[in-house]
1. It is to be established whether one or more residues within the range 359-378 are closer than 23 Å to Ser272 by Cα, surrounded by fewer than 21 Cβ atoms within 10 Å (Cβ to Cβ), of a type outside the set (Phe, Trp, Tyr) and out of contact with any His (no Cβ under 8 Å at 6 or more places or on another chain).
2. Could you tell me whether the range 302-320 includes any residue that is polar (S, T, N, Q) and over 28 Å from the mean Cα position of the chain (by Cα)?
3. Could you list, ordered by first residue, the pairs with Cβ atoms under 7 Å in which the first is in the range 317-329 and within 22 Å of Glu372 (Cβ to Cβ) and the second is of a type in the set (D, E, K, R), at least 6 apart or interchain?
4. Is it true that some residue in the range 205-213 is over 22 Å from Leu62 (Cα atoms), in the same structural domain as Pro168 (by TED's automatic domain parsing) and among the hydrophobic types (A, V, I, L, M, F, W, C)?
5. Restricting the search to the range 260-301, which residues are part of a loop (DSSP other than H, G, I, E, B) and within 14 Å of Ala344 (Cβ to Cβ)?
6. Within the range 138-180, how many residues turn out to be surrounded by fewer than 11 Cβ atoms within 10 Å (Cβ to Cβ) and small (Gly, Ala, Ser)?
7. Within the group Leu283, Leu276, Leu250, which residue is under 32 Å from the mean Cα position of the chain (by Cα) and either exposed (fewer than 13 other Cβ atoms within 10 Å of the Cβ) or within 24 Å of Ala59 (Cα to Cα) (or both)?
8. Can we say Phe27 is within 26 Å of Ile175 (Cα to Cα), surrounded by fewer than 21 Cβ atoms within 10 Å (Cβ to Cβ), without any contact (Cβ under 8 Å) to a residue 60 or more places away in the chain and touching a helix residue (DSSP H, G or I) at 6+ places or on another chain (Cβ under 9 Å)?
Amino acid sequence: MGRFWAGVHNFRLVVLWSIGIGLYLVFLWALHSSSYIADPLLDTYLQMGGSLIAFTFAANALVRFRGTHDRISLILAFGFVLAGLVEAGTSMTFYRGILVTPTPGNQISVGWLAGRTLLGILLIAALAVEKRLPISRDPAKEMAGATLVVGAVAYLTSVFYFMLPHSPRILPGAIIARPWDLLPALIYLIAAIGYAQRLHREGAYLDRALFIAAGLNVLCHVTMSASQHHLDAAYETAHSLMVMSYVVVLGGTLLDNAKLFDQVSRLAASDSLTGLANHRKLLEVMETEIQRSKRTGRNFAVLLFDLDGLKKINDKFGHLVGSRAIKRLGVALRHSSRTIDTPARFGGDEFALILPESGSEEAGQVAARICEELRSDGHEPPITVSVGLAVFPADGTNIEKLLSAADRGLYHMKGKGQKKFRFGHIAACL
């Protein structure tokens, strides 16, 4: 039965691909038969816009490389810069030529073919480098290696095209009027297959964007191969597809960078072991609560927790078990907190919990819940905590005084054999 449904699924895919290819061929024939002629200035603006997007992508790809050491981003950053420069120069040269000779000739721009082929080969080269070469811990070496790869590809591509015995020409009236554009189409097709396989291992937005962009560039050059002369419908559609591919990769990079910046922001404000707020975030929240309480006249409470006997746990069971004990306390704090509360790792085996709109009684109930969860979490060895309590403004009107009051209460209970929670400055848990 499973094979049957798999066969049905594959058949549906074949049918959908067949319909899509059929519609594209009909569209291509309509472009081939169209009498549309684009404004040379509009075409120049289109290509210059594509170059600007390519440069923007390159800048964002470098930012991504600095954050993730993704060498695909690094190689493509250099590649898009070169491609953007070539395309900008080609478009300006073509526009100036149109001003001199209103009717363009039938020669294909070698710069166009070289720039497009260069980018396609670099897409494949980036995959090969990522897969085959070891990662260096030195970003300078990575950048030097990427420069070498891009330089070698650019040199070989330019030698290939500029050493041709005859300049590529358009063949008016032929079904494939620009057969030379099928070479970049084949290169981008290989790149699209490579990035499609990479999607099974990587899930970043840029990886998806590169797959889509490679596919758009295949369509770009197949469409361009049907162009009968410069500035016709197929010619402009191909340029539009090229710019669209640049927009896609730029969008993928921006989404990845936004995700990266969000992760960095979270890491800057959270503890790596427990995922709770760190010391810096704790102080920010306390300052915010102090200012808010001064405006509203309502209390807030601070609970300090200290894990009892962590050194003994480390000595007897090992540091891994000790780290798990710290994480267990962090989990108990998170589970016993409200959405508006802020659990934080104060430092080492000390934790804090900020309770807005709370007094000593509410704080005592929260401390009791945390103690109960630690008793019943089912893990070994059993752990206990000492707790100190401070309430704003009764125990202090600034961060230092509040933490000192809670700290005094905490250490007053440290080392006591029988620990029972009670309100005030001092609290503890069995």
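The values are calculated or read from the model by the stated rules, or taken from the named source; none is laboratory data. Bear in mind the structure is a predicted one, so any value in this text is a computation, not a measurement. Virtual Cβ from ideal backbone geometry, glycine too; neighbours counted across all protein chains shown.
1. yes
2. yes
3. Going by the 7 Å Cβ cut-off, the qualifying pairs are Ile326/Asp349; Arg328/Asp377.
4. Checked the range 205-213: no residue is over 22 Å from Leu62 (Cα atoms), in the same structural domain as Pro168 (by TED's automatic domain parsing) and among the hydrophobic types (A, V, I, L, M, F, W, C).
5. Asp271, Ser272, Leu273, Thr274, Gly275, Leu276, Asn278 - these are the residues of the range 260-301 that are part of a loop (DSSP other than H, G, I, E, B) and within 14 Å of Ala344 (Cβ to Cβ).
6. 2
7. It is Leu250.
8. Considered against the rule, which asks whether it is within 26 Å of Ile175 (Cα to Cα), surrounded by fewer than 21 Cβ atoms within 10 Å (Cβ to Cβ), without any contact (Cβ under 8 Å) to a residue 60 or more places away in the chain and touching a helix residue (DSSP H, G or I) at 6+ places or on another chain (Cβ under 9 Å), Phe27 comes out as yes.
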